[in-house]
Amino acid sequence: VDHSHHTGTSHMADNSTTVPPHHHHHPTTSAHHSHGGGMDGMMMSMTFYFGFKNVELLFSGLVINTAGEMAGAFVAVFLLAMFYEGLKIARESLLRKSQVSIRYNSMPVPGPNGTILMETHKTVGQQMLSFPHLLQTVLHIIQVVISYFLMLIFMTYNGYLCIAVAAGAGTGYFLFSWKKAVVVDITEHCH
């Protein structure tokens, strides 16, 4: 496709919130009219910017063009990031509840005044062909897909959406992780 009629060939450095110049030359853009790369001629910004015009969000048909749409997207992304953090904690909780095959192992550890103490560790597992493991697998797939969606949203470099991802993840961690049990190894000296 000949692009010699376009002015301003570097759209990467253009951080404005206006439509890229080559869209002004074509009255319609459709799936059949592409400038290559499958991005319909839109170049992705590689620097952070704050704007709400022409912001593609995950899918080509999902484009933010107004402040209201950006506010809605901010809330949706915030909630998605919160849900992601909650899902991680829920999966850990489900795993603890579904563990079977408990084994106890004892090992010697140094005690005070040169004595030797026996420390007991509990080893647990779960069966591969079980409903809890199937549920964990499905939840893992959902968690991975959401994590990639959040990464791609952050990679739009839109400041509002990046803040929504970070604030949602932080809020989700704050709300869901406070009950998370932390195992501290008292023999570990590198705290």
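The values are calculated or read from the model by the stated rules, or taken from the named source; none is laboratory data. All values derive from a computational prediction rather than experimental measurement. FYI the Cβ positions are ideal-geometry reconstructions off the backbone, even for glycines, and counts take in every protein chain you see. Keep in mind that these areas ignore ligands, DNA and RNA; they rest on the heavy atoms of the full protein, side chains included. Shrake-Rupley method; radii C 1.70, N 1.55, O 1.52, S 1.80 Å.
So the values come out like this:
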| quantity | calculated |
| --- | --- |
| Search result, residues across the stretch 52-63 that are touching a residue at least 60 places away in the same chain (Cβ under 8 Å) and touching a strand residue (DSSP E or B) at 6+ places or on another chain (Cβ under 7 Å) | PHE52, VAL55, GLU56, LEU57 |
| The stretch 64-75: number of residues that are under 20 Å from the mean Cα position of the chain (by Cα), more than 12 Å from GLY51 (Cβ to Cβ) and open to solvent by less than 60 Å² (accessible area, probe 1.4 Å) | 3 |
| Count of the stretch 91-127 residues which are under 27 Å from LEU139 (Cα atoms) and either surrounded by 11 or more Cβ atoms within 10 Å (Cβ to Cβ) or modelled with pLDDT under 75 (or both) | 17 |
| Selection from the stretch 154-191 of residues that are within 21 Å of GLU56 (Cβ to Cβ) and either open to solvent by 70 Å² or more (accessible area, probe 1.4 Å) or modelled with pLDDT under 95 (or both) | PHE154, MET155, THR156, TYR157, ASN158, GLY159, TYR160, ILE163 |
| Residue within the stretch 64-84 that is in contact with a Leu (Cβ under 9 Å, 6 or more places away or on another chain), modelled with pLDDT of 85 or more and outside any helix (DSSP H, G or I) present | yes |
